[in-house]
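Please read the structure below before turning to the comments.
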Amino acid sequence: MTTGASSAGADAGTSAGLSNLLHEERRFPPSPEFAARAVAGPDLYERAAADRLGFWEEQARALRWERPWERVLDWQPPFAQWFVGGQLNVAVNCVDRHVEAGLGDRVAVHWEGEPGDTRTITYAQLKDDVCRATNALLELGVRKGDRVAIYLPMVPEAIVTMLACARLGAPHSVVFGGFSAEALRSRIDDAQAKLVVTSDGGYRRGKASALKPAVDEAVAQTPSVEHVLVVRRTGGEVAWTEGRDVWWDDVVPRQSAEHAAEAHDSEHPLYILYTSGTTGKPKGILHTSGGYLTQCAYTHRNVFDLQPETDVYWCTADIGWVTGHSYIVYGPLANGATQVVYEGTPDTPHKGRWWEIVQKYGVTILYTAPTAIRTCMKWGDDVPAQFDLSSLRVLGSVGEPINPEAWVWYRRTIGGDRTPVVDTWWQTETGAIMISPLPGVTATKPGSAQVALPGVVADVVDDTGASVPDGGGGYLVLREPWPSMLRTIWGDDQRYVDTYWSRFEAMYFAGDGAKKDEDGDLWLLGRVDDVMNVSGHRISTTEVESALVSHPKVAEAAVVGATDPTTGQGIVAFVILRGAAAEAAAEDAEAGEAVVQELRRHVAKEIGPIAKPRQVMVVAELPKTRSGKIMRRLLRDVAENRSLGDVTTLADPTVMNLIGQGLGSGS
Ligand code: WT7
């Protein structure tokens, strides 16, 4: 860890200072009408506090189990098993049981493509689609336990494939479509995936953008892959490897719509999802079945006040992130919700596209990220004002701290000053929401995620692991295991232990700085490790540094996340160029600018466009401690144009002058 929680506070991506945040006086209690109809009541907290494990059992009973569990929790710290001995099928819970309950005609997904094409999928149709896809996977040789990589745009086939994998018990590994061929290759390889499901491409910003070329490049180096199953979405030309590549349309539609699902153990692996850690190698977060689905369904119902008969829910995340897994696929479908799934970008073909979708489908619950809210704020109030947003009744936020200003704008401008706003804190590792207000119960407070959900035990501790008093700050920890917790890092138990369970004795270390205010409410302040949060996406500084030094012109690189008013943090890279390149850049500003652009493109190609540095600064030297560690805090100060603070530990104090001179060659 390079920074303490106090410096993390300055990273929270908020315009107001921390002390302002903690003196937030505004409160928004639920209206009596809302509270009277709400799914959650204050009794949830009491019941969970009285008998935590019994409370989780009660939540698990909302699912269909083919065999009941014998023990609710087996905790061999830090390895947990939940609902031990129980068996269920996750896909049956998400689809079949709703059809069997007579809800087959209910719309599961209102899908809206970016170009404006639409598909309406009922639960009955979804069941048939999932069964056909399951049978197709079987025909392609996939068996229980095999891994399947999914690299798809936001098309219904992504949901169908995930559920088909769950049905078979073949863990999926969804790789965000914005990731590069190299990122895909390393993820396929780490999981030893047997099948890749992809498409010719998808629509982004009004254009067809190809996906298959990245798969071809990746799979050329991953011998574990036997087949590539290709969904036709854009109709673009694709290169084809006979025998390996198979069109979805050639194998899936002709399958039987019947598939007798096997019940899997509660702890059977459901999926692997890769997330950035503090080293260059992404961590394969492993989630299992019974506990994960229990907490997804419970949180989705209570945090969003889901009334499945009448609500139209919309989560704007991509299926490539955990939010898409838990709050597009597993939570909503387990609850029999009707939801909107949108393929594209918020400003295509115009900046009101999201609000047009809300109006068109009568969306009642909206779940999105602060970065999107701040972008909409920037576009102006007159954009949403052109649409009827009166159907909305609950608004959610996730992915990064939401500054009070954006929170209040969201409630007023989007929610008509009527909707509760729930700021939900969780992580890929936690699997489901952990800290959030409950609509209908909590008097909400702009900027604070407030309290741990019933059944979850969170705390803020100091360096020594002691709980801080109200008003204090430190590190966010979780004191008790929870059903949807990660079980390990795929293939690396030791890294699991080291990363999450070694910083503090018997506590899960989340990697976030946090404060408790005078009411005991929690304020999340951003990462305290070398992980950046850019538009709600986790990217490690080391990953970007490795990408930079893989370029032949780069000798050394240091990367920091600098506060950014829209994206939370922006990636700023400091690079030392190699001999000839360095000389050329020093002599000629144009050559310097050209190399900066070349390096930005190089990172986008190596990792994906989300990792493209906002700024690249060419410098002659980097500030290091006497032990040779790059002083990222200092670089962040430079990137944010703050005063430099204490530089007495610098090996060479003149370095900062050199860096100062390099500030000119930004982007
Ligand atoms: C990190 C987890 C959870 C799904 C999306 C991101 C930050 C997440 C909040 C929030 C403050 C938040 C944390 C966390 N984060 N939600 N409501 N308030 N910070 O999942 O990629 O695993 O990132 O996102 O820093 O550790 P992820």
For the condition at pLDDT 85 or above, crowded, with 21+ Cβ neighbours inside 10 Å, over 24 Å from the mean Cα position of the chain (by Cα) and more than 30 Å from PRO213 (Cα to Cα), what is the one hit in ALA639, ALA584? ALA639
With open to solvent by less than 20 Å² (accessible area, probe 1.4 Å), within 15 Å of the ligand (Cβ to nearest atom) and either more than 18 Å from LYS445 (Cα to Cα) or not polar (S, T, N, Q) (or both) as the only criterion, which of ILE328, ILE365, ILE357 stands out? ILE328
Looking for whichever is open to solvent by 10 Å² or more (accessible area, probe 1.4 Å), within 15 Å of the ligand (Cβ to nearest atom) and modelled with pLDDT of 95 or more here; the options are ASP492, ASP512, ASP530, ASP470. Which one fits? ASP512
Quick check, is TYR342 within 14 Å of the ligand (Cβ to nearest atom) and aromatic (Phe, Trp, Tyr)? no
Just to be sure before I move on: is SER502 open to solvent by less than 10 Å² (accessible area, probe 1.4 Å) and among the polar types (S, T, N, Q) in the structure I sent? no
When region 58-68 is examined, which residues are found to be part of a loop (DSSP other than H, G, I, E, B) and touching a helix residue (DSSP H, G or I) at 6+ places or on another chain (Cβ under 7 Å)? ALA62, LEU63, ARG64
Mind counting the residues in region 368-390 that are within 16 Å of the ligand (Cβ to nearest atom) and hydrophobic (A, V, I, L, M, F, W, C)? 3
Condition broken by LYS351, with the remaining ones in (1) assigned to a loop (DSSP other than H, G, I, E, B); (2) in contact (Cβ under 8 Å) with a residue 60 or more places away in the chain satisfied: (2)
Members of region 42-51 that are under 18 Å from GLN295 (Cβ atoms) and open to solvent by 40 Å² or more (accessible area, probe 1.4 Å): TYR45, ARG47, ALA49, ASP51
Just need a number here: residues in region 533-550 that are within 15 Å of the ligand (Cβ to nearest atom) and more than 17 Å from the chain's Cα centre (by Cα). 2
Can you tell me which residue in region 448-467 is farthest from the ligand (Cβ to nearest atom), limited to those that are open to solvent by 10 Å² or more (accessible area, probe 1.4 Å) and within 25 Å of the chain's Cα centre (by Cα)? VAL457
Give the residues of region 303-322 that are open to solvent by 10 Å² or more (accessible area, probe 1.4 Å) and within 16 Å of the ligand (Cβ to nearest atom), sorted by residue number. THR316, ALA317, ASP318, TRP321, VAL322
Please go through region 387-401 and pick out each residue that is closer than 25 Å to LEU476 by Cβ and either at pLDDT below 95 or open to solvent by 20 Å² or more (accessible area, probe 1.4 Å) (or both). GLY399, GLU400, PRO401
Go through region 469-486 and count every residue that is in a loop (DSSP other than H, G, I, E, B) and over 18 Å from the mean Cα position of the chain (by Cα). 9
Which of the residues spanning region 75-111 are assigned to a loop (DSSP other than H, G, I, E, B) and touching a residue at least 60 places away in the same chain (Cβ under 8 Å)? PRO77, PRO78, GLY85, GLY86, ASN89, ARG106
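The values are calculated or read from the model by the stated rules, or taken from the named source; none is laboratory data. Predicted model, so just to flag it, every value in this text is computed and none were measured. Quick reminder, even Gly has a Cβ in these numbers, built from the backbone with ideal geometry, and neighbours come from all protein chains shown. Just so you know, the surface numbers come from the protein's heavy atoms only, side chains and all, with ligands and any DNA or RNA stripped out. Shrake-Rupley method; radii C 1.70, N 1.55, O 1.52, S 1.80 Å.
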